[in-house]
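Q: Input: one structure, supplied below.
Just so it is clear, none of the values below were taken in a lab; they were calculated from the coordinates. Nothing here was measured: the structure is a model prediction, and the numbers come from that model. Virtual Cβ from ideal backbone geometry, glycine too; neighbours counted across all protein chains shown.
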Amino acid sequence: MNGESEHTPKFLISSLDFKRMSEVEVQSNEIHERAKQALANAHLQEALRSSTLRLYTKRLEAVPQVAGFERLRDRAREIKREVMDHLDFYLEQFANNVERRGGKVHWAATAEEACAIILGIASDVGTREVVKAKTMVSEEIELNHALEAASIRAVETDLGEFILQLAGERPAHIVAPAIHKTRADVADLFAARIDPVRTEEPERLTAIARQALRAMFARAEMGVSGANFAVAETGTVVLIENEGNIRFSTTAPRVHVALVGIEKIIPRCGDLSVFLRLLARSGTGQKLSSYTSILTGPRRPGEDGPEAMHVVLLDNGRVATLADVKMREMLYCIRCGACLNACPVYRKIGGHAYGWVYSGPIGALVTPQFAGLEQAGELPFASSLCGACREVCPVRINIPDLLLHLRSKAQRQSTGRKPAADAPVNERTSMHLWAWVVKRPRVYVLCARLARLAQRLLTSQRQGDIQKWIRRFPAAPAARWTDGRDLPALAPMSFRDRWKEINGK
Amino acid sequence: MGTQGPRVALFITCLADQFFPQVGECAVEVLRRQGVEVTFNPGQTCCGQPAFNTGFTVEAREVATRVLDLFGDADYVVAPSGSCSSMVRVFYPELFAHDSSRLKKAEQLQSRFFEFSEFLVKVLGVEDVGASFPHRVAYHDSCHLLRELHIEEEPRRLLRGVRGIELVEMEDYRLCCGFGGTFSVKFPEVSVAMGQDKVQAATRAGAEYLVANDAGCLMHLAGVIHRQSLGLKTLHLAELLARRE
């Protein structure tokens, strides 16, 4: 490319100043505020609309290209069920096979333990820098914070994650972490933080990131990745991606650490023929992603690759989920992101509104389960239960059903909660009252008559269609309805009263 | 009116009972024109869905228990709502999964319970109910009807049978309108934003009328339209099928 040299950034990644994120916490109960902010941001709305629709449409187009796609989904679900029913067996098999191939297995019950293990490995390696492949589970355990705190520089090498690291933000999507950023946003960010010559050309933008990252890959001594699948019968870690950065992070450095949630296990290599056909198609509409890395142990004599391979197996709430027979299904998730793209709520509020690392319908299950309902009790309610997520889930997780289960669990813990500021009584009391009324048809009829009477008295002096439409209701929950839309007034006569008339016809 | 027709108990749903009685009247009219004998049990109130969807399972079960005994003698129970029909057909068996005697009743009710358009097409085998409605109409699939009961074609067949009608599809027509039961007041901003998108899609498709099979969706969409003073009109499928313009 002409003129490239004059614009080639002259920097090393070590001179880049990544924004530190403030001490991270689960902010899922702030979803109402964050959703409002997202809705008010026209720029974000357009980015979300176009990106989710593109991914959703690509999946729709990709699915009919495979004969028996629905059967593949059934098979994938069966395999996942088999794994979850015998996870202890398969985990042990996996761990034994990793060690048999020269890898080292570590067990981490919590995020803190996993971070400590990885810090320990870094200290043994004696490095102050770590390259990171895109991994949601490392976001889950806040690995970058732990590394930073130990003065170890962690560099995100996935383009989306790299952008977010520069911006000091969390991923907004499981598969496309910077989905909320437009090309112009990235151009501004790179101009401000890397190369003052601003460009919006995608090729130049990626060239800037590439240049920065290559230097880092060349000298990094330790790479950290996640895993898409962990094959029990061979002790193999499988990673899929489109950019090549995962392959780089896992093969160029001396030491590779794979951080693996224990639900990632699949029994056999042959099962990959099911999951690989589902995963990319569901996530991005691709037949396969550009790179599929199948890693079994460290390098052997005469081979390329890392000298040492560590596998950190993470629980962090997964075993507790396994114990809940209903919620167990949540662990079938292969993190394809299809439910996010299909979700009408995600499409409006984006990933950050969910307040933790996992967003969308699956995030509304995972976050309360891993971080606790106290911290994320609002999330299961952030769904219209439309079922679009279940329709696209490659392993057919019944997400609406699990959301209902969590709602019920959340309400069992809600006893004694204070009413909202705009409501006369709390939700539990109002539901008790409602149930008491609708169980008694005569009381129900009486209440409806009283409401009609009140409605007539309040609107009798008013003109126009005020008798048909209520523009502002004084108390919640109806007040929340009339904040943004009108409420039809009760009909002058109920159907049951009309019935007496039409039945005589 | 023939006395040989099937006996149908109408499950009016609480929203139609109190807010949209004309939906019930029109449903009765359309069914009667097909020779159906319609009955109405005034002991009915609500199916229990508001509690169920908000996580109050105990309350939902109590309310649902009453419904199990309301329709003992009817051949069929028909509701002009995909959502309430899903509650009875899909979620009642779940609610009573651990109560074998009630589960039996729930399953018995489940087998006789139909949504209005489903009943016309699948049970009566009717696609032309003799309606005429010379307008451009967009049909909105309510999510429960679409994804719990998998009824997508039946309402469209009935609409295609209407004289003079021009049926248009909205872009991304399977997308939720944002009502979602108590979601509409728990996340009102998101609910309204979704409703606005749906109304826009109908307008862009050139529809004069936005038609659906659920009073909940319609109440929400009509509320959004009225707040914005738009010209788009909403109509329940039963109302449209009763028209002879």
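Q: I need the peptides A:124-137, B:185-198 ranked by packing, meaning the mean over residues of other C-beta atoms within 10 angstrom, with the highest value on top.
A: Highest mean packing first, the order is B:185-198, A:124-137.
Q: Which residues in region B:31-74 have a backbone N closer than 19 Å to a point placed 7 Å from the Cα of A:T415 along the Cα-to-Cβ line?
A: Residues B:55-62 fall inside that zone.
Q: Could you tell me how many degrees, from 0 to 90 and to the nearest 10, lie between the Cα long axis of helix A:360-371 and the main elongation axis, the longest principal axis, of the Cα atoms of chain A?
A: Roughly 80 degrees between the two axes.
Q: Tell me the mean residue ellipticity at 222 nm calculated for the protein assembly as shown from its helices only (DSSP H runs of n ≥ 4, each -39500 (n - 2.57), averaged over every residue, nearest 500).
A: Details: 36 runs with 350 residues, N = 750.
When only DSSP H runs of four or more count, the value is -13500 deg cm²/dmol.
Q: Going highest first, how would you order A:348-357, A:55-64, A:470-479, A:400-409 by mean Cβ packing within 10 Å?
A: Ranking, from highest mean packing down: A:348-357, A:400-409, A:55-64, A:470-479.
Q: Evaluate the distance, in nm, between pseudo-label points positioned 7 Å from the Cα of A:C269 and of A:E203 along their respective Cα→Cβ axes.
A: In this crude spin-label approximation the distance works out to 4.0 nm.
Q: In peptide A:475-481, what is the residue-averaged number of other protein chain Cβ atoms found within 10 Å of each Cβ?
A: Taking the mean over all residues of the peptide, I get 4.
Q: So what's the angle, to the nearest 10 degrees on a 0 to 90 scale, between helix A:427-438 and the longest Cα principal axis of chain A?
A: Computed tilt is about 40 degrees.
Q: Suppose we keep just the DSSP beta bridges with both residues in chain A; what percent of those would be antiparallel, to 5?
A: Roughly 30 percent of the DSSP beta bridges within chain A come out antiparallel.
Q: Still on this structure, I have one more. Working out 0.36 nm times the residue gap between A:N96 and A:R471, then minus their Cα-Cα distance, what length gain in nm do you get to one decimal?
A: 128.3 nm
Q: Could the peptides B:64-75, A:212-223 be put in order, highest first, of the mean number of other beta-carbon atoms found within 10 Å of their residues?
A: Values: B:64-75: 17.2, A:212-223: 19.4.
Ranked by mean Cβ neighbours within 10 Å, highest first: A:212-223, B:64-75.
Q: Past 27 Å, Cα to Cα, is the threshold; run A:K58/A:K80; A:K36/A:K418; A:K348/A:K439; A:K326/B:K186 against it and keep the listed order.
A: Among A:K58/A:K80; A:K36/A:K418; A:K348/A:K439; A:K326/B:K186, the Cα-Cα distance tops 27 Å for A:K348/A:K439.
Q: In nm, give the distance between the simple-model label positions of A:L433 and A:R183, each being 7 Å from the Cα along the Cα-to-Cβ direction.
A: 5.6
Q: How well do other chains shield peptide B:47-53, expressed as the mean number of their Cβ atoms within 10 Å of each residue Cβ?
A: 4
Q: So in chain A, which Cys have no other cysteine's beta-carbon sitting under 4.7 angstrom from theirs?
A: A:C115, A:C269, A:C333, A:C336, A:C343, A:C393, A:C447
Q: Taking only Cα atoms, what is the 0 to 90° angle, nearest 10, from helix A:69-85's long axis to the longest principal axis of chain A?
A: 80
Q: Moving on. For A:K134, go through the lysines and keep the ones whose alpha-carbon is under 21 Å away, minus same-chain ones fewer than eight residues off.
A: Counting by Cα, and skipping residues close in sequence, A:K134 has these lysines nearby: A:K19, A:K181, A:K264, A:K287.
Q: Within 10 Å of each Cβ in peptide A:441-451, how many partner chain Cβ atoms are there on average? Round it to a whole number, please. Intermediate results must be reported in sequence, preceding the final value.
A: Working: counts 7, 2, 1, 7, 3, 0, 1, 4, 0, 0, 1.
Partner Cβ neighbours, averaged per residue: 2.
Q: At 0.36 nm per residue, and after removing the present C-alpha to C-alpha distance, how many nm does the segment from A:F89 to A:E148 gain when stretched out fully?
A: Between A:F89 and A:E148, full extension yields an extra 17.6 nm.
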